[in-house]
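Handing you this structure, nothing more for now.
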Amino acid sequence: MVHFRLQAGVIFFTFVVLFPLLCLGIRSIPSREANTDAVEVLNGFRFAEAPDYRNGRDCPVSTTNGRLVSSCDPSLIHIAMTLDSEYLRGSIAAVHSVIKHASCPESIFFHFIAAEFDPASPRVLTQLVRSTFPSLNFKVYIFREDTVINLISSSIRQALENPLNYARNYLGDMLDLCVDRVIYLDSDVVVVDDIHKLWNTKLSGSRVIGAPEYCHANFTLYFTAGFWSDPVLSGAFSSARRKPCYFNTGVMVMDLVRWREGNYRRRIEKWMEVQRKTRIYDLGSLPPFLLVFAGDVEAIDHRWNQHGLGGDNVRGSCRSLHPGPVSLLHWSGKGKPWVRLDAKKPCKLDHLWEPYDLYVRNKKGYFYAHNDPQSMGLFTGSM
Ligand SMILES: *[C@@H]1O[C@H](CO)[C@@H](O)[C@H](O)[C@H]1NC(C)=O
């Protein structure tokens, strides 16, 4: 039923929303003001058009010759992200960072999941992405919140209860069946390395997901005392092949063939149902992933998720980087760089997010775009 409704939503969206856009041609820009390269779609929300990044010489040749790329093209890299009005500025910066550092930006296909009742409407969000990234390969899917609303329990931070946080559980159902692998990224990240390297992660054996693991984190703390004292519940970890370790679900490489075959969406939902009856954890969408996958995750290099830059869940204090190289910065936690920068109270590392910001301010009579070539030189990625 859920599957059917999701599919119906996607079909509806493809025909009613995307079809008119396609008729206009994918390079059409809904509204453009003279004298600026910024486009206003949402009231007061303006983004500058991103530079047009092109494939390098060694990239797979696109057979479509500039026409719309099908998501079934086997040479594509698939990235799934949520798209919503609240974190929009983060999502736009994340996409910008990915294509800026990718060796083959035209070979990337974005799958955006938008909530049916987003205040900006999925259609407006689609127009906004199109106008900011005129040649981006992407598709927007409508996520019906009633799919998960009855499964969500209260958590320590209200933002964690947003149904869209659970969209990652449904990628296997929503994305085209020909998409057999996807990288899931949170909206509060910037990628400062070639995403192809992450895409090429090998998921050994029958592993379904890959993510950086943190085996020094105290795993006990992610679940309640009631959970650990119940041998049936905590037995979920005793069958794990390896010691279960914490991993962050904001950056994951997912094998969607194995995911669909193993019905992992259902396995995650079952733990959410347990949580509704007996409180077994305090965080949002993360613990069910730990319950299903911890101990059987392909360990990806830590450089691909320098997480926690948003500080803790209560105060959102400043954090420093973990030792080692950085390919992806992740502002998980309460503080978001765009909020702190706007409040003129940025943390030091928030300035690393700033060059990817395409938001254009015009409230006080000045325009201010961050994407000038000078500041973009901050990272020497593999462009
Ligand atoms: C992990 O946290 C639990 C609960 O606070 C504590 O009892 C345990 O000693 C901690 N383990 C380690 C290795 O720090």
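The values are calculated or read from the model by the stated rules, or taken from the named source; none is laboratory data. The structure presented is a predicted model; accordingly, all values stated were derived computationally and were not measured. Don't worry about glycine lacking a Cβ; one is built from the backbone with ideal geometry, like all the others, and counts go over all protein chains shown.
A quick yes/no check of all residues on (1) modelled with pLDDT of 95 or more; (2) over 19 Å from ALA50 (Cα atoms):
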position: CYS347; (1), (2): yes, yes
position: TRP353; (1), (2): yes, no
position: LYS364; (1), (2): no, yes
position: ASP372; (1), (2): no, no
position: MET376; (1), (2): no, no
position: GLY381; (1), (2): no, no
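Which one is surrounded by the fewest Cβ atoms within 10 Å (Cβ to Cβ), of the residues in segment 236-260 that are within 16 Å of the ligand (Cβ to nearest atom) and part of a loop (DSSP other than H, G, I, E, B)?
Here the answer is LYS243.
So that you can scan it fast, the table gives a plain yes or no per residue for (1) crowded, with 21+ Cβ neighbours inside 10 Å; (2) closer than 21 Å to ARG46 by Cα; (3) acidic (Asp, Glu):
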residue	(1), (2), (3)
LEU88	yes, yes, no
SER91	yes, yes, no
SER97	yes, yes, no
ALA102	yes, no, no
GLU106	yes, no, yes
ALA114	yes, yes, no
SER121	no, yes, no
LEU128	yes, yes, no
PHE133	yes, yes, no
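Can you find, within segment 187-229, the residue that is farthest from LEU358 (Cα to Cα) among those that are among the small types (Gly, Ala, Ser) and within 16 Å of the ligand (Cβ to nearest atom)?
SER229
Would you point out which residue out of ARG181, ARG157, ARG168 is within 23 Å of SER103 (Cβ to Cβ) and of a type in the set (Lys, Arg)?
Of the residues listed, the single one that is within 23 Å of SER103 (Cβ to Cβ) and of a type in the set (Lys, Arg) is ARG181.
Mind checking which pairs have a first residue in segment 97-126 that is farther than 22 Å from LEU175 by Cα and a second that is among the β-branched types (Val, Ile, Thr) and modelled with pLDDT under 95, Cβ under 9 Å, 6 or more apart or different chains?
ALA120/VAL41
Follow-up. Suppose the filter is more than 16 Å from the ligand (Cβ to nearest atom) and modelled with pLDDT of 95 or more; does THR147 pass it?
No.
Criterion first (in a helix (DSSP H, G or I), in contact with a Gly (Cβ under 8 Å, 6 or more places away or on another chain) and either free of Cβ contacts under 8 Å to residues at least 12 places away in the same chain or surrounded by 19 or more Cβ atoms within 10 Å (Cβ to Cβ) (or both)) does TRP228 satisfy it?
No; evaluated as a whole, the condition is false for this residue.
Residue-by-condition table, conditions (1) more than 17 Å from GLU161 (Cα to Cα); (2) in a loop (DSSP other than H, G, I, E, B); (3) not aromatic (Phe, Trp, Tyr):
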residue: SER234; (1), (2), (3): yes, no, yes
residue: ARG265; (1), (2), (3): yes, no, yes
residue: TRP271; (1), (2), (3): no, no, no
residue: GLN275; (1), (2), (3): no, no, yes
residue: VAL314; (1), (2), (3): no, yes, yes
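Looking at (1) away from the ligand (no atom under 16 Å from the Cβ); (2) in contact (Cβ under 8 Å) with a residue 12 or more places away in the chain, which is the one condition that is false for TYR281?
Unmet for TYR281, out of (1) away from the ligand (no atom under 16 Å from the Cβ); (2) in contact (Cβ under 8 Å) with a residue 12 or more places away in the chain: (1).
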